Protein chains: 2
Amino acid sequence: MTQDGRLARGNESRRRILERAMATASQDGLEALSIGRLATDLGVSKSGVFAHFGSKEELQAAVIRAAGAVFAREVIAPGLNLPPGLPRLLGLCDGWLDYSQRRVFPGGCFFYAAGAEFDARPGRIRDLLADARRDWLRLCAQTVTDARHLGELTEAADPVQVAFELDALACAANSTALLLDEPLAYERARAGIRDRLRALATRPDSVP
Amino acid sequence: MTQDGRLARGNESRRRILERAMATASQDGLEALSIGRLATDLGVSKSGVFAHFGSKEELQAAVIRAAGAVFAREVIAPGLNLPPGLPRLLGLCDGWLDYSQRRVFPGGCFFYAAGAEFDARPGRIRDLLADARRDWLRLCAQTVTDARHLGELTEAADPVQVAFELDALACAANSTALLLDEPLAYERARAGIRDRLRALATRPDSVP
DNA sequence: GGATCATACGAACGTTCGTTCATAAAAGCG
DNA sequence: CGCTTTTATGAACGAACGTTCGTATGATCC
């Protein structure tokens with residue numbers, strides 16, 4: 001019963017559409033996504049693309065969900081594979097910088113681009129992007145908390161503050177590398193992150 | 001001869017258009033700027049607005065120029081009014097955070113929004129935004145250099161690196177305050193900036 | 001006062017946008 | 001086999017887009 005070739009074909013089409021949509025949205029923005037252009041690029045009909053989502057906003061929401069899955073696979077999962085605490089924190093930061101630098105999305109971090117685009121436009125799309133960002137910051141802060149409990153970071157390290165600062169450095173690398181075409185920015189972020197963590201570590205030389 | 005009422009009226013119209021355009025562009029993006037909507041909002045004709053610029057790209061460029069003047073007046077000038085070195089560096093950072101927090105532009109920092117929108121779209125607009133960003137980072141780095149020469153910061157403070165890190169914290173505040181509706185982010189950035197500068201200062205208690 | 005200039009207008013152009021709908025093609029199921 | 005379900009198509013819709021053009025309104029200048 002679960003072997004319906006029609007559904008399988010439909011899911012594959014949907015996947016192809018979202019793949020392309022994520023790429024163009026990371027470069028040109030979620031609002032610049034156009035159903036017609038998407039259809040032309042993929043060599044299918046406009047109404048065919050439309051039918052998969054029912055509205056442009058639903059397409060945008062689906063793109064955000066798909067990008068979240070990519071982010072989970074490329075950044076979160078490898079990080080969670082590392083031991084909790086400081087190694088995981090460093091792994092998450094480096095994983096994020098790699099994900100931006102490798103251009104998993106051609107326009108750099110999808111959520112940086114989309115977040116900046118919708119941060120002043122109330123609505124469902126903004127809420128979804130805010131949720132994604134909150135999740136990421138929460139994970140970072142929780143990992144700082146773990147590191148404190150493990151005695152790797154001093155009690156002076158406020159988890160929310162540290163998460164804010166590490167994320168700030170990573171985002172700045174993404175932004176600078178893209179806008180100023182300056183790949184060195186990634187090294188600056190890595191240096192800044194290590195500097196910051198060393199200053200908060202109980203054993204500074206434990207930060208590679 | 002310089003008293004041409006026609007030119008004066010034209011310049012005033014242009015000014016009103018750009019004022020409105022900067023505000024909507026900071027919220028909805030430079031590409032979402034629409035000549036028709038701009039005209040409707042201002043109660044004038046579409047072709048009247050168009051005639052002032054000749055093309056949409058020229059309008060976008062003019063908006064960037066106008067936003068640069070606002071930034072110079074609101075952030076740069078007050079900063080340059082302070083004594084060079086550490087006080088000016090702190091003044092520039094606080095001035096930037098104030099400018100974002102006061103919502104001089106309703107969508108937060110104009111250049112953060114526009115930069116993120118065009119960082120992956122080659123062309124004249126991207127180049128103008130890259131220039132603006134480079135100028136800002138250069139000013140910050142130069143001020144760090146001054147502080148070093150004045151003996152306020154240690155030789156370990158790499159001007160470009162410090163500028164990168166301070167700007168990163170400020171941008172993260174703008175982004176977090178807007179997307180997550182979290183004004184506390186500005187305090188986090190202020191704390192992070194002071195922390196960072198104290199660590200690099202020859203007299204740490206000289207950082208208020 | 002008449003010629004000249006810049007500003008603003010209204011109508012129209014061709015395109016693209018998101019969306020709707022009737023219909024064809026193909027796969028599963030009785 | 002027919003009947004249903006799912007995917008995909010092509011034609012068409014009204015609205016908005018950037019842009020062009022001919023024209024009207026006044027202020028400036030000779």
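Quick check on the stretch A:1-16. Is at least one of its residues surrounded by 15 or more Cβ atoms within 10 Å (Cβ to Cβ), touching a residue at least 12 places away in the same chain (Cβ under 8 Å) and more than 13 Å from DNA strand D (Cβ to nearest atom)?
No; the residues of the stretch A:1-16 include none that is surrounded by 15 or more Cβ atoms within 10 Å (Cβ to Cβ), touching a residue at least 12 places away in the same chain (Cβ under 8 Å) and more than 13 Å from DNA strand D (Cβ to nearest atom).
Can you name the residue in the stretch A:17-28 that is open to solvent by less than 30 Å² (accessible area, probe 1.4 Å) and among the polar types (S, T, N, Q) and, of all such residues, is nearest to DNA strand C (Cβ to nearest atom)?
Only one residue fits best here, namely A:24.
With the condition kept exactly as written, say whether any residue in the stretch B:88-96 is surrounded by fewer than 18 Cβ atoms within 10 Å (Cβ to Cβ) and modelled with pLDDT of 95 or more.
No, the conditions are met nowhere in the stretch B:88-96.
Would a scan of the stretch A:136-148 turn up a residue that is open to solvent by 10 Å² or more (accessible area, probe 1.4 Å), part of a loop (DSSP other than H, G, I, E, B) and not aliphatic (A, V, I, L, M)?
No, there is no match, as no residue in the stretch A:136-148 is open to solvent by 10 Å² or more (accessible area, probe 1.4 Å), part of a loop (DSSP other than H, G, I, E, B) and not aliphatic (A, V, I, L, M).
How about the stretch B:173-182: which of its residues are more than 7 Å from chain A (Cβ to nearest Cβ) and open to solvent by 10 Å² or more (accessible area, probe 1.4 Å)?
B:181, B:182
Among (1) open to solvent by less than 20 Å² (accessible area, probe 1.4 Å); (2) more than 8 Å from chain A (Cβ to nearest Cβ); (3) in contact with an Asp or Glu (Cβ under 9 Å, 6 or more places away or on another chain), which single condition is residue B:114 missing?
(3)
Would you check if there is a residue in the stretch A:75-97 being free of Cβ contacts under 8 Å to residues at least 40 places away in the same chain and charged (D, E, K, R)?
The answer is no, given that none of the residues of the stretch A:75-97 is free of Cβ contacts under 8 Å to residues at least 40 places away in the same chain and charged (D, E, K, R).
Does at least one position in the stretch A:40-53 carry a residue that is within 25 Å of residue B:113 (Cα to Cα) and either among the small types (Gly, Ala, Ser) or away from DNA strand D (no atom under 11 Å from the Cβ) (or both)?
No, the stretch A:40-53 contains no residue that is within 25 Å of residue B:113 (Cα to Cα) and either among the small types (Gly, Ala, Ser) or away from DNA strand D (no atom under 11 Å from the Cβ) (or both).
Only one residue in A:110, A:105 is under 15 Å from the mean Cα position of the chain (by Cα), within 14 Å of residue A:61 (Cα to Cα) and aromatic (Phe, Trp, Tyr), so which one is that?
A:110 is the lone residue from the list that is under 15 Å from the mean Cα position of the chain (by Cα), within 14 Å of residue A:61 (Cα to Cα) and aromatic (Phe, Trp, Tyr).
Condition test on residue B:202, is it in contact with an Asp or Glu (Cβ under 9 Å, 6 or more places away or on another chain), open to solvent by 30 Å² or more (accessible area, probe 1.4 Å) and β-branched (Val, Ile, Thr)?
Yes, satisfied.
Given the residues A:133, A:148, A:121, which is the only one that is within 14 Å of chain B (Cβ to nearest Cβ), without any contact (Cβ under 8 Å) to a residue 60 or more places away in the chain and over 18 Å from the mean Cα position of the chain (by Cα)?
After ruling out the rest, the residue left standing is A:121.
Return the only residue of B:163, B:185 being in a helix (DSSP H, G or I) and facing chain A (nearest Cβ under 9 Å).
Working: B:163 fails: facing chain A (nearest Cβ under 9 Å).
It is B:185.
Look through A:191, A:170, A:130 and report the one residue that is surrounded by fewer than 21 Cβ atoms within 10 Å (Cβ to Cβ) and under 25 Å from residue B:108 (Cβ atoms).
Result: A:130 is the single residue among A:191, A:170, A:130 that is surrounded by fewer than 21 Cβ atoms within 10 Å (Cβ to Cβ) and under 25 Å from residue B:108 (Cβ atoms).
Taking residue A:104 and the conditions (1) part of a helix (DSSP H, G or I); (2) within 17 Å of residue A:20 (Cα to Cα); (3) open to solvent by 40 Å² or more (accessible area, probe 1.4 Å), which numbered condition does it fall short on, given that it satisfies the others?
(1)
Return the residues of the stretch A:30-74 that are of a type outside the set (D, E, K, R), open to solvent by 40 Å² or more (accessible area, probe 1.4 Å) and over 25 Å from residue A:99 (Cα atoms); say none if nothing qualifies.
The answer is A:34, A:40, A:43, A:44, A:45, A:47, A:50, A:51, A:52, A:54, A:55.
The values are calculated or read from the model by the stated rules, or taken from the named source; none is laboratory data. Nothing here was measured: the structure is a model prediction, and the numbers come from that model. With ideal geometry, Cβ positions are generated from the backbone for all residues, glycine too; neighbour counts draw on all protein chains shown. Remember, those area values only see protein heavy atoms, side chains included, never the ligands or the DNA or RNA. Shrake-Rupley method; radii C 1.70, N 1.55, O 1.52, S 1.80 Å.
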